[in-house]
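To keep things clear, I will list the structure first and then write my remarks on it.
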Number of protein chains: 2
Amino acid sequence: MDWKSTIAAAATRIAGHVRVTPVMMAADLGLDRPVDLKFEQMQHTGSFKTRGAFNTLLSSDVPAAGVVAASGGNHGAAVAFAARRLGHAATIFVPEMAGPAKIALIRDTGADCRIVPGAYANALDAALAHEAETGAMQVHAYDAESTVAGQGTVLSEWEAQGLQANTVLIAVGGGGLLAGAMGWLGGARRVVAVEPETSCALHAALAAGGPVDVEVSGIAANALGAKRIGTICHGLAVETGALSVLVTDDAIAGAQRHLWRQLRQLVEPAGAAALAALTSGAYVPAPGERVAVLVCGANPAPDPFG
Amino acid sequence: MDWKSTIAAAATRIAGHVRVTPVMMAADLGLDRPVDLKFEQMQHTGSFKTRGAFNTLLSSDVPAAGVVAASGGNHGAAVAFAARRLGHAATIFVPEMAGPAKIALIRDTGADCRIVPGAYANALDAALAHEAETGAMQVHAYDAESTVAGQGTVLSEWEAQGLQANTVLIAVGGGGLLAGAMGWLGGARRVVAVEPETSCALHAALAAGGPVDVEVSGIAANALGAKRIGTICHGLAVETGALSVLVTDDAIAGAQRHLWRQLRQLVEPAGAAALAALTSGAYVPAPGERVAVLVCGANPAPDPFG
């Protein structure tokens, strides 16, 4: 699979529908070295998920029944937003733990948002049943080629903006973003995959030699709490040698505070997880190693204007 | 006065001490046209004020008694931060209305922060008395050449980053930032000076033919509530033909909400005032006119991590 061309094609396809998000070289971020940052939480609907959603919808024949997705919140908001912009109906299934802020974000787009008891896996079952019943097109949150290719445009864009770092730290849930990043980079830079200790589907898969089910909980669970890592992500992680690192919920909360105190960026836990690997020392770069952190989402609960 | 060279010299002087803040062309910000943005609230201490503070301290012989400043909060935090970085003592006088978040920000630097009953003018009196008594160096918040030149580096930096707009909207309190912007641009782009209706020292000065005292109140008063516009700013506004526009407190609150909903930027009222001129229609650009908005500060009350 030629991810580089697939992602380049996705970037062309979604241009004009998504924002080019700003980058910054923060020489002085209260750490022992400069950090390159990309503020992807400034994307439409507050996360990178909009890229995969537009890429999927724009590369498919969407049926009259519209689209359907299961989501902890951010993917659902992105699919709902893209569907509305492109004139399709959208039905989004979310677990209760998505929380009122993310549910409001989805409903604000005009999508039909249905709340499912339990965790993400239950919402996915409901979405699959809806697909079978109505013929709506399923937009998978992370384990589909068009989703991965869309998310990979974060990295192609960042390189076009002059990314200097040797190492890129990225938060992982189901692994759509990470897979896109690994697909684009193809091992040319080190990728550090950061997961909460309490939601670590990639880490478990690497230990077990293949995707396995994990229990998910913790402060980032509605965004990073995939029960099982995507097969595309797992395959690319093995192939490109991504480094898996775990962080505690306390480290994530500390990184959220750090981003506010240093840069006045208010993000959700998942959006600060990658930085948490640096601020907590879970990942210690070598002397001279230049690091980049992707800030990937900012739909915190409660919403400050909710 | 050759502001262009003075500001260029300031930029060289403060390089490495201040951050190059990110810019973004937001094609789709929920308005009828693209908007160029600069996120100067990502500067150290959360506002542009750090530029003027470093420029002043680095171009002066700071006495052993250190520096003193009066401030509604942001200037004080910036002076305190620059003083600590450069190894000087700092005493900062703030009016009560600075609020606990900004007072904590100043105290976190280790500065001696003294709270003065009343408004900014009372804090300024106390700072002048402290200067006379101790020999500490006064760092004026807006009406001093070194302060204005430091703030002007926001615009020289933005042009170096490829600013395209015909028109730049900037919030005005005492006018240090606006003066720096006008000094750098010298009329080459239209400058729209945005003030709250309830704190409009520049507007009043332009109407009266010179600086006059005004009453100050409203949600942005601790940052934009100067009782009298700086003479440097007033002179440059007349000379370069800046356009003065007023916005209501409701418009400012609406722009704060807009910045969050669209870009996940949580800013203080003053930081959203310039955008409020667009979102409220107080300034209506001509067809084809390209506009830029400076987001200048984000020390909101309450502090989300306070």
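Descriptive notes on the structure:
- Residues located in segment B:68-107, provided they are assigned to a loop (DSSP other than H, G, I, E, B) and hydroxyl-bearing (Ser, Thr, Tyr): B:SER71
- Hey, A:ALA179 touching a Leu at 6+ places or on another chain (Cβ under 8 Å) and without any contact (Cβ under 8 Å) to a residue 40 or more places away in the chain or not: no
- Segment B:236-245: number of residues that are among the hydrophobic types (A, V, I, L, M, F, W, C) and open to solvent by 50 Å² or more (accessible area, probe 1.4 Å): 2
- Qualifying residue in segment B:55-64 (condition: more than 12 Å from B:THR147 (Cβ to Cβ) and among the small types (Gly, Ala, Ser)): yes
- Enumeration of residues in segment B:290-300 that are within 12 Å of chain A (Cβ to nearest Cβ) and either assigned to a loop (DSSP other than H, G, I, E, B) or modelled with pLDDT under 95 (or both): B:CYS296, B:ALA298, B:ASN299, B:PRO300
- Complete set of residues in segment B:44-60 that are surrounded by fewer than 24 Cβ atoms within 10 Å (Cβ to Cβ), part of a loop (DSSP other than H, G, I, E, B) and either without any contact (Cβ under 8 Å) to a residue 40 or more places away in the chain or aromatic (Phe, Trp, Tyr) (or both): none
- B:ALA15 more than 13 Å from the chain's Cα centre (by Cα), open to solvent by less than 10 Å² (accessible area, probe 1.4 Å) and not assigned by TED's automatic domain parsing to the domain that holds B:LYS102: no
- Check on A:ALA111, among the small types (Gly, Ala, Ser) and farther than 25 Å from A:PRO300 by Cα: no
- Candidates are the residues of segment A:250-281 that are charged (D, E, K, R) and open to solvent by 40 Å² or more (accessible area, probe 1.4 Å); the one that is farthest from the other protein chains (Cβ to nearest Cβ) is A:ASP250.
- If you go through segment B:108-151 and keep only what is of a type outside the set (Val, Ile, Thr), outside any loop (DSSP other than H, G, I, E, B) and closer than 18 Å to B:ALA223 by Cα, you end up with B:CYS113, B:ARG114, B:TYR120, B:ALA121, B:ASN122, B:ALA123, B:LEU124, B:ASP125, B:ALA127, B:GLY150, B:GLN151.
- Subset of segment A:152-171 (residues that are in contact with a helix residue (DSSP H, G or I) (Cβ under 8 Å, 6 or more places away or on another chain) and part of a helix (DSSP H, G or I)): A:GLY152, A:THR153, A:VAL154, A:LEU155, A:SER156, A:GLU157, A:GLU159
- Taken together, B:ALA204, B:ALA272 contain a single residue that is in contact (Cβ under 8 Å) with a residue 12 or more places away in the chain, under 25 Å from B:THR50 (Cβ atoms) and part of a helix (DSSP H, G or I), which is B:ALA272.
- Subset of segment A:207-217 [without any contact (Cβ under 8 Å) to a residue 60 or more places away in the chain, open to solvent by less than 70 Å² (accessible area, probe 1.4 Å) and assigned to a loop (DSSP other than H, G, I, E, B)]: A:GLY209, A:GLY210, A:PRO211, A:VAL212, A:VAL214, A:SER217
- Checked against (1) surrounded by fewer than 21 Cβ atoms within 10 Å (Cβ to Cβ); (2) polar (S, T, N, Q); (3) under 18 Å from the mean Cα position of the chain (by Cα), A:ASN122 passes all but a single condition, namely (3).
- In segment A:282-302, residue nearest to B:LEU263 (Cα to Cα) [restricted to those that are open to solvent by less than 40 Å² (accessible area, probe 1.4 Å) and more than 17 Å from the chain's Cα centre (by Cα)]: A:VAL291
- Of all residues in segment B:1-37, those being acidic (Asp, Glu) and under 27 Å from A:GLY162 (Cα atoms) number 2.
- Applying the criterion of being over 25 Å from B:ALA101 (Cα atoms) and part of a loop (DSSP other than H, G, I, E, B) to the residues of segment B:1-17, the residue that is farthest from the other protein chains (Cβ to nearest Cβ) is B:MET1.
- Subset of segment A:142-185 (residues that are among the β-branched types (Val, Ile, Thr), closer than 14 Å to A:ALA8 by Cβ and touching a strand residue (DSSP E or B) at 6+ places or on another chain (Cβ under 9 Å)): A:THR153, A:VAL154
- Count of segment B:172-215 residues, restricted to those that are among the small types (Gly, Ala, Ser), within 21 Å of B:GLU145 (Cβ to Cβ) and touching a helix residue (DSSP H, G or I) at 6+ places or on another chain (Cβ under 8 Å), is 13.
- Being more than 20 Å from B:ALA223 (Cβ to Cβ) and outside the structural domain of B:SER60 (by TED's automatic domain parsing) is not true of B:ALA171.
For (1) modelled with pLDDT of 95 or more; (2) open to solvent by 40 Å² or more (accessible area, probe 1.4 Å); (3) within 20 Å of the chain's Cα centre (by Cα), each residue gets a yes or a no:
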{"site": "A:ALA80", "(1), (2), (3)": "yes, no, yes"}
{"site": "A:ILE92", "(1), (2), (3)": "yes, no, yes"}
{"site": "A:PRO95", "(1), (2), (3)": "no, no, yes"}
{"site": "A:ALA98", "(1), (2), (3)": "no, no, yes"}
{"site": "A:ALA101", "(1), (2), (3)": "no, no, yes"}
{"site": "A:ASP108", "(1), (2), (3)": "no, yes, no"}
{"site": "A:ILE115", "(1), (2), (3)": "yes, yes, no"}
{"site": "A:LEU128", "(1), (2), (3)": "yes, yes, no"}
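- Residue selected from segment A:18-42 under the condition away from chain B (no Cβ under 12 Å) and in contact (Cβ under 8 Å) with a residue 40 or more places away in the chain, by the criterion least open to solvent (accessible area, probe 1.4 Å): A:ARG33
- When the test is whether a residue is closer than 17 Å to A:ILE170 by Cα and in contact (Cβ under 8 Å) with a residue 40 or more places away in the chain, A:ALA220 passes it.
The values are calculated or read from the model by the stated rules, or taken from the named source; none is laboratory data. Model, not experiment: these values are computed from the prediction. Neighbour counts are summed over all protein chains in view; Cβ atoms, including those assigned to glycine, are modelled from backbone coordinates with ideal geometry. Accessible surface is based on the protein model in full, side chains and every heavy atom, while ligands, DNA and RNA are left aside. Shrake-Rupley method; radii C 1.70, N 1.55, O 1.52, S 1.80 Å.
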